[in-house]
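Worksheet: one structure, shown below.
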Amino acid sequence: MKIVLASDHGGYRLKEEVKKALSERQDIDVADLGTDSEESVDYPIFGEAAAEYVASGKAERGIVFCGTGIGITMAANKTKGIRCANVTSEAYAALAAEHNHANIIAFGGRFVSPEDALRYIDVWLTSKWAGDRHERRVSELDEML
Ligand code: RB5
């Protein structure tokens, strides 16, 4: 599976930790759209870039990072076909996959440790989309843009 990563300066360090860990996995191919340092940049640009990458089929999923995970989630969700969830716990990671069919998740680099982020990513990747009654709701979301 290909996973695209992107962050602003607030999520940069966490992105780098996640990139290192995911790059060691045989089953995951990682693309990194930046940013490349802790120099201040604008999260909408990086959230949009990751969202377009997933929406155009270049990666199956994405993980985005900013200081809180909030701004970059907002940015990613402006692209049609993207369902991005800001994840702060294992339960959110599981439900984002099962109920919301999230194809991108976000983390706040100032609030989530690398260990927790990697655990939440595993939960998200292994949790199954439940479909059924959630199918209609997710279709309604996709029709909004
Ligand atoms: C940048 O200082 C910060 O606002 C950004 O990383 C993010 O937390 C926005 O939601």
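The values are calculated or read from the model by the stated rules, or taken from the named source; none is laboratory data. Predicted model only: the values in this text are computed from it and were never measured. Because the Cβ atoms are built from the backbone with ideal geometry, glycine has one as well, and the counts that use them run over all protein chains shown.
Cβ-Cβ contacts under 9 Å between residues 6 or more apart (or on different chains), taken from a first residue in the range 7-28 that is without any contact (Cβ under 8 Å) to a residue 24 or more places away in the chain and under 10 Å from VAL64 (Cα atoms) to a second residue that is hydrophobic (A, V, I, L, M, F, W, C) and more than 12 Å from the ligand (Cβ to nearest atom), are absent. Of the residues examined, ILE3 is not one that is buried (at least 20 other Cβ atoms within 10 Å of the Cβ), β-branched (Val, Ile, Thr), within 16 Å of the ligand (Cβ to nearest atom) and modelled with pLDDT of 95 or more. Within the range 104-145, the set of residues being hydroxyl-bearing (Ser, Thr, Tyr), assigned to a helix (DSSP H, G or I) and more than 22 Å from ALA6 (Cα to Cα) comprises just one member, SER139.
Taking the criterion of being closer than 26 Å to LEU145 by Cα, within 12 Å of the ligand (Cβ to nearest atom) and surrounded by 22 or more Cβ atoms within 10 Å (Cβ to Cβ), the residues of the range 7-53 that qualify are SER7, ASP8, TYR43, PHE46, GLY47.
Only residues that are within 18 Å of LEU141 (Cβ to Cβ) and either within 11 Å of the ligand (Cβ to nearest atom) or of a type in the set (S, T, N, Q) (or both) were counted in the range 73-108, giving 9.
Return the residues of the range 17-28 that are under 15 Å from the mean Cα position of the chain (by Cα) and under 12 Å from MET1 (Cα atoms); say none if nothing qualifies. Within the range 17-28, LEU22, ILE28 meet the criteria. Within the range 54-70, if we keep just the residues that are within 16 Å of the ligand (Cβ to nearest atom) and touching a residue at least 60 places away in the same chain (Cβ under 8 Å), the residue that is farthest from LEU22 (Cα to Cα) turns out to be PHE65.
Quick check: anything in the range 113-124 crowded, with 22+ Cβ neighbours inside 10 Å and farther than 22 Å from LYS20 by Cβ? So far as the range 113-124 goes, no, none of its residues is crowded, with 22+ Cβ neighbours inside 10 Å and farther than 22 Å from LYS20 by Cβ.
Among the residues of the range 110-132, the one identified as in contact with a His (Cβ under 9 Å, 6 or more places away or on another chain) and either more than 23 Å from ASN77 (Cβ to Cβ) or modelled with pLDDT of 95 or more (or both) is TRP129.
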